[in-house]
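Input: a single structure, listed below in structure tokens.
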Amino acid sequence: MQRTSYDVIVVGAGVAGLAFTLSLPADLRVALLTKGALGESNTRYAQGGLSAAVGPDDSPELHAQDTLAAGAELSDEEAVDTLVAGAPEAVRWLTALGAQFDTGPAGEVLLGREAAHSRRRVLHAGGDATGAEIERALVARVREDVNVDVFAGAFVVDLVVVDGRCRGIIAELEPDAELTFLEAPVTVLAAGGAGHLWATTSNPLGATADGLAMALRAGAAVADTEFVQFHPTVLAVPGATPFLVSEAVRGEGAFLRDAAGERFMLGNHTLAELAPRDVVARGIQQQMALDQRDHVDLDLRHLDPDEVRSRFPTITHELANRGLDLATDLLPVAPAAHYFIGGVVADTEGQTSLPGLLAFGEAASTGIHGANRLASNSLLEGLVFGMAGADRLAEEW
Ligand code: SIN
């Protein structure tokens, strides 16, 4: 088998893998592998945004409180504190890299609202194309990095463990190629989630739990796999590809209606449509059973149509492709698998139970999300912990 050596191998090129890679010392030789094209990851499809306590009425303490409450008080508090404290710096880092968040007339960053956030705290880009903008900025920079070899269309078959230490990976570096052994003292799993283990999902096709499976086979500790987040409002048009309708739409005032046209979430939780995501998803599922329908309706008809369309251009466009108008139609939505909360047990610098293996982002289980992730904390996790993990590696190298 062909064998090539690197300093660091990174599996996955979403926000976690890229933030880690770009924060490494520039002289390290890195192999960055992604299953699809570079830029085609779950990150790219994130609509709502990136949560960070940067507003004048906000603080990391409030952000932590909201994260813990949404997580049903099952989160690791210390890890949550690290996450929220690192958020403003992560925003500055991304902005310096060229990511452009939406701003108002005086240049102030615009902050959206999403469920279970007590403040407007969600930075967004292109209205509802936040992940695409972040991925664009990160990919542009990684392409300039001469010490990063990018393998797109590569499939990682397994981790290689020798004498209790991860020594690299076995991979097909391109479709149907011979297997190659890439060896390195440090391997990073940032391979994303598992949405396609379920019948309907908001995730792109690549989310097939490969990282989790590899880690299990290698003997790394895995936790919290029972916590799978279902997004409440994925478009449910029979025969059409499911499509996420961002929680930010409810944050701007959209209602959920049952078959009789009633706002059923009013009777479910004091925050109604803006209750934590698991509460809303369960409320919808129960209502669908009561009404014997395969969806409930999302209603924006009471909002200003021009504002709706300009705030959510991507969703407007995708719905139009499916024959629906975001501003004027009742939209059929149902819960769908969205985010894998569990994963490879890792600390806030990516250290796992297997020496030589780090894990970040959706592939990791750091305990910050408890039983239910707060909206827009996932891009943030990939950034903050990815950057911290690279800093630690640099100190120890
Ligand atoms: C959304 O835009 O509703 C998804 C955001 C997230 O999963 O955090």
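I want to verify the translational diffusion coefficient of the chain in µm²/s; compute it with Stokes-Einstein, Rh as the Kirkwood radius over Cα pairs, at 4 °C and 1.567 mPa s.
61
Please give the helix 378-396 orientation as an angle from the longest Cα principal axis of the chain, in degrees from 0 to 90, rounded to the nearest 10.
20
Please rank His269, His117, His317, fewest neighbouring Cβ atoms within 10 Å first, as an exposure proxy.
Going from sparsest to densest Cβ surroundings: His317, His269, His117.
Helix 130-143 versus the longest principal axis of the chain: what is the Cα-based angle in degrees, 0 to 90, to the nearest 10?
That helix lies at roughly 20 degrees to the long axis.
What is the chain's relative contact order, in percent, from Cα pairs under 8 angstrom and six or more apart in sequence?
26
Between Leu138, Leu358, Leu28, where does the largest GNM mean-square fluctuation fall for the chain, given springs only between Cα atoms within less than 10 Å?
Answer for the Gaussian network model of the chain: Leu28.
Taking a ≥ b ≥ c as the square roots of the Cα gyration tensor eigenvalues, with a/c under 1.5 meaning rounded and otherwise prolate when a/b beats b/c, else oblate, which class fits the stretch 81-162?
prolate
Using modelled amide H (1.01 Å from N, peptide plane; none on Pro or chain starts), what sits under 5 Å from the amide H of Val161, excluding residues fewer than 5 places away?
For Val161, whose amide H was placed from the backbone, the distant partners under 5 Å are Arg167.
For the stretch 272-380, count the residues as N, evaluate 2.2 N^0.38 Å, and divide the Cα radius of gyration by that value, please.
Normalised Rg, Cα atoms only: 1.41.
Could you order the peptides 226-234, 42-50 from most to least packed, using the average number of other C-beta atoms within 10 Å per residue?
Final packing ranking: 42-50, 226-234.
I need the phi-derived Karplus couplings for the stretch 359-374: 6.51 cos²θ - 1.76 cosθ + 1.60, θ = phi - 60°, integer Hz, Gly and Pro marked x.
Once θ is set to phi - 60°, the couplings for the stretch 359-374 become 9, 9, x, 4, 5, 9, 10, 9, x, 6, 8, x, 9, 7, 6, 5 Hz.
Divide by every residue of the chain the summed helix terms, -39500 (n - 2.57) for each DSSP H run of at least 4, and state the resulting mean residue ellipticity at 222 nm, rounded to the nearest 500 deg cm²/dmol.
Values: 10 runs with 119 residues, N = 397.
After summing the helix terms and dividing by residue count, I get -9500 deg cm²/dmol.
Given R₀ = 35 Å, what would the calculated FRET efficiency be for His302 paired with Ser59, taking r from the Cβ atoms and rounding to 0.05?
E(calc), rounded to 0.05, equals 0.60.
Filter the GluC sites (Glu not before Pro) in the stretch 56-105 to those in DSSP coil with at most 13 other Cβ atoms within 10 Å of their Cβ, and list the result.
Filter output for the stretch 56-105: Glu73.
In the stretch 365-397, which residues have a backbone nitrogen under 18 Å from the label point lying 7 Å from Asp27's Cα in the Cα-to-Cβ direction?
391-397
Mind checking the log10 I(q)/I(0) for the stretch 1-150 at q = 0.08 Å⁻¹? Debye, one equal scatterer per Cα, no solvent, two decimals.
Cα-only, vacuum Debye calculation for the stretch 1-150: -0.27.
From the backbone phi of the stretch 224-240, what are the Karplus-calculated ³J(HN,Hα) couplings (6.51 cos²θ - 1.76 cosθ + 1.60, θ = phi - 60°) in whole Hz, Gly and Pro given as x?
Once rounded to whole Hz, the list reads 6, 5, 7, 9, 10, 8, 9, 6, x, 10, 9, 4, 10, 9, x, x, 9.
So, R0 is 56 Å and r is the distance between the beta-carbons of Thr225 and Ala106; what FRET efficiency does that work out to, to 0.05?
After rounding to 0.05, the efficiency reads 0.75.
Given charges of +1 on the Cβ of Lys and Arg and -1 on the Cβ of Asp and Glu, with all other atoms neutral, how large is the dipole of the chain about its Cα centre, in debye to the nearest 20?
So the dipole magnitude of the chain works out to roughly 460 debye.
Quick one: length gained pulling Gln2 to Thr270 fully straight, 0.36 nm per residue minus the C-alpha distance?
In short, 90.5 nm is gained.
Check which residues have an amide H placed less than 5 Å from Gly126's amide H, if you skip close sequence neighbours.
Asp102
How many nm separate the modelled label positions at Glu396 and Trp198, each set 7 Å beyond the Cα in the direction of the Cβ?
Here the modelled spin labels are 3.4 nm apart.
Treat the count of other C-beta atoms within 10 Å as a stand-in for reagent exposure and order Met214, Met1 from fewest to most.
Working: Met214 23, Met1 7.
Ranking Met214, Met1 by Cβ neighbours within 10 Å, fewest first, gives Met1, Met214.
Using label points projected 7 Å from each Cα along Cα→Cβ, tell me how many nm separate Glu178 and His317, to one decimal.
Between Glu178 and His317, the label points sit 4.3 nm apart.
Mind checking the angle between helix 277-291 and the chain's longest principal axis? C-alpha axes, 0 to 90 degrees, to the nearest 10.
50
Which value, in debye to the nearest 20, describes the size of the charge dipole of the stretch 309-397 about its Cα centre when Lys and Arg Cβ atoms bear +1, Asp and Glu Cβ atoms bear -1, and nothing else is charged?
400
A short reminder: the numbers here are calculations on the coordinates, not readings from a lab. All of these numbers come straight from a predicted model, not from anything done at the bench. In this analysis, Cβ positions are derived from the backbone assuming ideal geometry, glycine residues included, and neighbour counts consider all displayed protein chains.
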